[in-house]
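Some notes on the structure that comes next.
What follows is calculated from the coordinates using simple rules that are stated; it is not laboratory data. As the structure is a prediction and not an experimental result, all values here were calculated from the model. Note: ideal-geometry Cβ built from the backbone for every residue, glycine included; neighbour counts use all protein chains shown.
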Amino acid sequence: MRRLTTLGLSGYLAAVYAFIYLPVIVLVLFSFQSGRFPIPPLNGPSLRWYEAVLSDSRLTDALLNSLLVASISSAVACLLGFIAAYALARYKLPGTGFQRALITAPLTVSYLIIGLGLLITFNMAGVSRSLLTVGVGHVVINTPLCFAILYSLMGDHQINIERAARDLGANDLEVMAYVTAPMLMPGIIAAFFLSVTFSWDEFIIAFLLSRFDNTLPVEIWSLLRSGLNPKTNAVGSLVFLVSIVMVLFMEIIVFRKVIRR
Amino acid sequence: MMDAARRETVKGWSFIAPTLLWTVAFFVVPFAIMAVMSLWKRIGGKIVQTWSLDNYVAFFGKSHLLKAMLNSLEVTVLVTLISILLAYPLAWIIAERVPQRWQRLALILAILPFWTSYVVRSYAWLLVLARNGVINQALLGIGIIDEPLELASTRTATVIGFVHFFVMLLTLTIYANLVQLGPNYRRAAADLGANGLQVFWYVLLPLTLPGIMVGAFLTFVLCIGDYITPQILGGNNELLLPQVIMLQIGRRADLPTAAALSILLMAVVTLAYVLCARWLRLERA
């Protein structure tokens with residue numbers, strides 16, 4: 001009976017894992033297709049579609065744009081999230097609960113609505129769409145995330161060290177920059193990479209707020225109009241690989257440290 | 001001359017000011033402008049600054065708009081339910097049956113594809129479900145079917161694509177809840193004579209309901225606002241609300257209607273949030 005249960009549970013586990021990995025495996029497998037369609041039968045392996053991706057300047061430009069938007073917007077989001085978390089954790093301000101709710105509010109709103117709101121606003125203000133406006137959108141979605149992570153890490157045990165620094169003559173800005181920030185560095189790095197991952201994968205805001213220069217997900221979207229194509233598999237696999245590397249990096253290097261403390 | 005307490009408050013404000021200003025400028029103000037615009041109208045290619053509820057009246061009058069909202073609600077509720085039913089056993093097996101040292105690996109493996117870009121993930125499902133895709137070819141090869149099934153461009157495809165994503169999300173939230181709970185409740189119940197099913201129904205399920213609800217709410221918000229998955233997998237046969245909103249923005253350049261539909265979408269999400277929060281508070285009390 002017990003063995004039967006274990007067998008059933010293992011079977012269930014295997015089935016769900018198969019469901020979770022089916023599309024990923026098909027995506028990656030057929031990116032090595034040598035024929036013109038990413039459908040069975042599988043032939044190859046060949047790297048021709050990866051070559052096609054790397055020699056397509058639209059895609060490589062989009063890749064650089066994505067990296068640019070992701071890194072700068074995440075840095076800004078981290079900074080805004082950090083100073084807000086520091087202020088709310090260390091100073092007695094009126095309406096703390098309301099301020100926290102305001103800063104985290106974008107987390108509960110669909111990206112589509114945030115994007116549309118910014119689109120309308122930029123239109124009315126006469127701001128033309130560019131990578132800059134996409135970056136603004138990504139800061140809006142990532143700041144609450146960075147804030148929430150860093151606020152939860154601002155423990156009381158750091159207060160004494162900060163007080164010591166202050167007694168030794170550091171002013172408030174110096175305390176924040178030279179004492180609090182280094183103590184929270186693993187959390188800051190985690191927040192940064194999480195933001196980068198979200199920005200790197202984000203489509204709808206980038207689609208609504210960009211015009212001539214596109215990010216990678218938007219460029220992949222326009223590739224989709226040509227139907228199923230191993231080139232899309234290749235670029236999709238590359239995008240997936242980058243996300244995975246970032247997530248595993250966070251897992252191995254950063255989160256362990258955060259948890260251990 | 002300011003006293004010390006007041007000076008501290010001023011310093012605090014100067015630290016938080018940039019973030020508050022940013023949130024107001026790029027989140028609150030755009031939202032307010034969108035709300036105002038939803039009261040305007042697009043007449044003959046121009047946006048007229050009227051003050052009327054016409055866009056909202058039109059929503060309830062035009063059957064295709066209302067239908068899109070109902071489609072979205074149906075799909076979202078269905079996706080949430082299926083995802084919970086699939087994710088709970090998975091989270092439970094990982095938390096309770098997988099040996100301790102393998103748990104973290106099992107969990108990471110279970111949610112790794114969560115980090116695929118959603119455009120890429122939907123495309124990958126299209127590959128699997130296409131008329132000449134992997135599933136059809138496999139079924140034809142085995143001889144279960146004679147004709148390829150129409151899987152892509154259906155509501156089923158949309159639901160499968162969504163469930164794939166949210167199973168991973170819910171596994172994470174439910175697993176966190178189960179681990180936090182620890183094995184003691186289960187042991188105590190078992191010592192008092194409860195069998196496996198009773199332990200689950202009277203002890204585990206009630207104690208993990210908060211985790212399920214948090215996950216379900218996240219699923220609801222992310223699912224009902226997503227444009228990509230239904231657009232790539234569901235096709236144009238049966239539109240969901242985000243697809244209709246994007247149609248207004250793109251092809252019709254009717255921003256007031258798009259704004260009104262977005263406000264309605266927000267209203268539904270807010271309602272879901274209020275219900276969830278209230279339920280959780282009642283549960284805790």
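For region B:71-86 and region A:38-55, what is the separation of their Cα centres, given in Å?
36 Å
By how many nm would the segment from B:L139 to B:L181 lengthen if fully extended, with 0.36 nm per residue of separation less the alpha-carbon distance? It would help to have the intermediate numbers written out before the result.
Numbers: separation 42, 0.36 × 42 = 15.12 nm, distance 4.29 nm.
Value of the extension gain: 10.8 nm.
Go ahead and run the numbers for FRET between B:A4 and A:S152, Cβ-Cβ distance against an R0 of 30 Å, rounding to 0.05.
Details: r = 29 Å, r/R0 = 0.97.
With a Förster radius of 30 Å, E is 0.55.
Cross-chain or 8 or more residues apart, Cα under 28 Å: how many lysine pairs in the protein assembly as shown fit that? Count them up, please.
On the way: A:K92/B:K11; B:K41/B:K62; B:K41/B:K67; B:K46/B:K62; B:K46/B:K67.
Lysine pairs meeting both conditions in the protein assembly as shown amount to 5.
Please arrange A:L145, B:L192 by counting, for each residue, the other beta carbons lying within 10 Å of its beta carbon, fewest first. Before the final figure, lay out the partial values.
Numbers: A:L145 20, B:L192 10.
Ordered from fewest to most neighbouring Cβ atoms within 10 Å, A:L145, B:L192 come out as B:L192, A:L145.
Fewest Cβ neighbours within 10 Å first, please rank A:Y21, A:Y50, A:Y178 accordingly.
On the way: A:Y21 15, A:Y50 18, A:Y178 11.
Least to most surrounded, the residues fall as A:Y178, A:Y21, A:Y50.
How would you order B:236-243, B:171-178 from highest to lowest mean count of nearby Cβ atoms within 10 Å? Don't jump to the answer; show the numbers that get you there.
Working: B:236-243: 19.6, B:171-178: 22.1.
Going from most to least packed, we get B:171-178, B:236-243.
If you rank B:R131, A:R100, B:R278 by fewest surrounding Cβ atoms within 10 Å, what's the result? If you can, show how the numbers build up before the last one.
Values: B:R131 14, A:R100 17, B:R278 10.
Least to most surrounded, the residues fall as B:R278, B:R131, A:R100.
May I ask you to derive the FRET efficiency for A:L248 and B:V24 from their Cβ-Cβ distance with R0 = 25 Å, giving the value to the nearest 0.05? Before the final figure, lay out the partial values.
Details: r = 37 Å, r/R0 = 1.47.
Efficiency, rounded to the nearest 0.05: 0.10.
With charges only on Cβ, +1 for K and R and -1 for D and E, what is the dipole size of the protein assembly as shown about its Cα centre, in debye, rounded to 20? Don't skip to the end; give the middle numbers.
Working: 39 positive and 26 negative charges, 105 e Å.
Charge dipole, the protein assembly as shown, about its Cα centre: 500 debye, nearest 20.
Using the per-residue mean of other Cβ atoms lying within 10 Å as a proxy for protection, in what order, highest first, do the peptides B:14-24, B:255-265 fall? Intermediate results must be reported in sequence, preceding the final value.
Values: B:14-24: 17.6, B:255-265: 24.7.
Final packing ranking: B:255-265, B:14-24.
Once fully extended, how much extra length lies between A:L241 and A:R36, figured as 0.36 nm per residue of separation less the alpha-carbon to alpha-carbon distance? Write out the running numbers ahead of the final one.
Values: separation 205, 0.36 × 205 = 73.80 nm, distance 2.28 nm.
Difference between extended and current length: 71.5 nm.
Summarise the partner chain shielding of A:80-86 as one whole number: the mean count of Cβ atoms from other chains within 10 Å of each residue's Cβ. Display every interim value, and only then the final one.
On the way: counts 7, 1, 2, 6, 8, 3, 3.
Partner-chain Cβ atoms within 10 Å, mean over residues of A:80-86: 4.
For B:A32, project a label point 7 Å along Cα to C-beta. Then give me every residue of region A:132-157 with its amide nitrogen under 19 Å of that point.
Flagged as within label range: A:140.
State whether region B:1-54 is rounded, prolate or oblate according to the following rule on the C-alpha gyration tensor (a ≥ b ≥ c being the square roots of its eigenvalues): a/c under 1.5 gives rounded; otherwise a/b larger than b/c gives prolate, and the remaining case gives oblate. The partial results should precede the final answer.
Working: a/c = 5.93, a/b = 4.10, b/c = 1.45.
Prolate, because a/c is 1.5 or more and a/b exceeds b/c.
Determine ³J(HN,Hα), in whole Hz, for all residues of region B:38-54 in sequence, where each value follows from phi through the Karplus function 6.51 cos²θ - 1.76 cosθ + 1.60 and θ = phi - 60°; x replaces Gly and Pro.
After applying 6.51 cos²θ - 1.76 cosθ + 1.60, I find 5, 8, 7, 9, 9, 10, x, x, 10, 8, 9, 8, 8, 10, 8, 9, 3 Hz.
What is chain A's relative contact order, in percent, from Cα pairs under 8 angstrom and six or more apart in sequence? Present the calculation step by step, with values, prior to reporting the outcome.
Values: 277 pairs, mean separation 78.7, N = 261.
Relative contact order here is 30 percent.
Mind checking the mean number of beta-carbon atoms from other chains within 10 Å of the Cβ atoms in B:188-201? Write out the running numbers ahead of the final one.
Working: counts 0, 0, 0, 0, 0, 0, 0, 0, 1, 0, 0, 0, 0, 0.
Average per residue, whole number: 0.
Suppose the chain between A:N43 and A:L9 were pulled fully straight at 0.36 nm per residue; how much longer would it get relative to their current alpha carbon spacing?
Working: separation 34, 0.36 × 34 = 12.24 nm, distance 3.56 nm.
Length gained, A:N43 through A:L9: 8.7 nm.
Quick check on region B:63-284: take the gyration tensor over C-alpha atoms, sort the square-rooted eigenvalues as a ≥ b ≥ c, and tell me if it's rounded (a/c under 1.5), prolate or oblate. Don't skip to the end; give the middle numbers.
Values: a/c = 2.47, a/b = 1.39, b/c = 1.78.
Oblate is the answer for region B:63-284, as a/c is 1.5 or above yet b/c matches or exceeds a/b.
From other protein chains only, count the Cβ atoms within 10 Å of every residue's Cβ in A:12-18, then give the mean.
Working: counts 4, 8, 0, 2, 9, 4, 0.
The per-residue average across the peptide is 4.
Classify region A:1-86 from the C-alpha gyration tensor, please: rounded if a/c falls under 1.5, else prolate or oblate depending on whether a/b exceeds b/c.
Numbers: a/c = 5.81, a/b = 1.20, b/c = 4.85.
Verdict is oblate for region A:1-86.
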